[in-house]
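The values are calculated or read from the model by the stated rules, or taken from the named source; none is laboratory data. From a predicted model like this one, the values you see are computed outputs, not experimental measurements. All Cβ positions, even for glycine, are placed from backbone atoms using ideal geometry, and neighbour counts span all protein chains on display. Accessible surface areas use protein heavy atoms only, side chains included; no ligands, DNA or RNA. Shrake-Rupley method; radii C 1.70, N 1.55, O 1.52, S 1.80 Å.
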Amino acid sequence: MAKIAFILLCHKDPDAIIKQAQSLTAVGDCMAIHFDASAPQAEYDRICTALEGNPNVTFARRVKCGWGAWSLVQATLNALGAATDAFARATHFYMLSGDCMAIKSAEYAHDFLDRREVDYI
C-alpha cells in the first residue's frame, strides 16, 4: 500500500502552507517542509507552531534559496533527508512547491500507485 511523503519547498504564505500540510497529511501521508531561510523567521515559526501536533509533518534544515541556484537543490536534498529520517515507511516521494495544490484526491493517488509496480519521476 502506497504511503506518500510529500516534499514541499516554499517561501511565502504561511496560511496556505498550513492548509496544504493539513490536507495532504489528513489521510495518513506525510510531509517534509523546507521553508526558505530568506523568508521571515516569524512566518516559519507560525507554520511550525500550527503543525507541531501533526506527527506526519517534519521540517528540513533551512537554507537561503536563490531562483535557479544550487541552493534549491540543497533545499530539496535537505527536505528529502528529513523525510527519509522521519518517515521510513514512505514508499513514494512527491515534490511540490508552495504554489502547488493537488487536483486529484488522495484516494485517487493511492489507487493509482497501488495498481502499478513502477516508479515515476
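Taking every C-alpha pair closer than 8 Å and separated by at least 6 residues, the mean separation divided by the residue count of region 20-73 gives a relative contact order of 41 percent. The peptide list 58-64, 111-117, put in order of mean Cβ contacts within 10 Å with the highest first, becomes 58-64, 111-117.
Listed by chain and number, the lysines placed with their C-alpha closer than 20 angstrom to that of Lys64 are Lys12; residues fewer than eight positions away on the same chain are left out. Note the angle between two axes, namely the Cα long axis of helix 14-25 and the longest principal axis of the Cα atoms of the chain, as a number of degrees from 0 to 90, rounded to the nearest 10. Approximately 20 degrees, to the nearest 10.
Region 24-50 and region 65-91 have Cα centres separated by 13 Å. Take every pair of alpha-carbon atoms less than 8 Å apart whose residues are at least six positions apart; their mean separation over the length of the chain yields a relative contact order of 37 percent.
How much FRET efficiency would the formula 1/(1 + (r/R0)^6) give for Asp85 and Arg115, where r is the Cβ-Cβ distance and R0 is 41 Å, rounded to 0.05?
Numbers: r = 29 Å, r/R0 = 0.71.
With a Förster radius of 41 Å, E is 0.90.
Ligands, DNA and RNA left out, the accessible area of the chain computed with a 1.4 Å probe is 56% carbon and sulfur.
Only Lys, Arg, Asp and Glu carry charge here, each on its Cβ (+1 for the first two, -1 for the last two); on that basis the chain has a dipole of about 160 debye about its Cα centre. With protein chains left intact and a 1.4 Å probe, residues in the chain average 60 Å² of accessible area per residue. For Lys3, the lysines whose Cα falls under 18 Å of its own Cα, not counting residues fewer than eight places away in the same chain, are Lys104. The accessible area of Met95, taken with all protein chains in place and a 1.4 Å probe, comes to roughly 110 Å².
Counting only residues at least eight positions apart within a chain, or on another chain, the aspartates and glutamates with an alpha carbon under 17 Å from that of Lys19 are Asp29, Glu43, Asp45, Glu52, Asp99. Based on the Cβ-Cβ distance of Lys3 and Ser97, what FRET efficiency does E = 1/(1 + (r/R0)^6) give at R0 = 30 Å, to the nearest 0.05? For R0 = 30 Å, the calculated efficiency reads 0.90. Starting from the Cα of Gln22, move 7 Å in the Cα-to-Cβ direction to define the label point; list residues of region 81-102 whose amide nitrogen is under 19 Å from there. The answer is 98-102.
Rg of the Cα atoms in the chain, relative to 2.2 N^0.38 Å, amounts to 1.02.
Positive end of the dipole of region 5-121 (Cβ unit charges, origin at the Cα centre): among His11, Ser105, Ala21, the Cα lying farthest that way belongs to His11.
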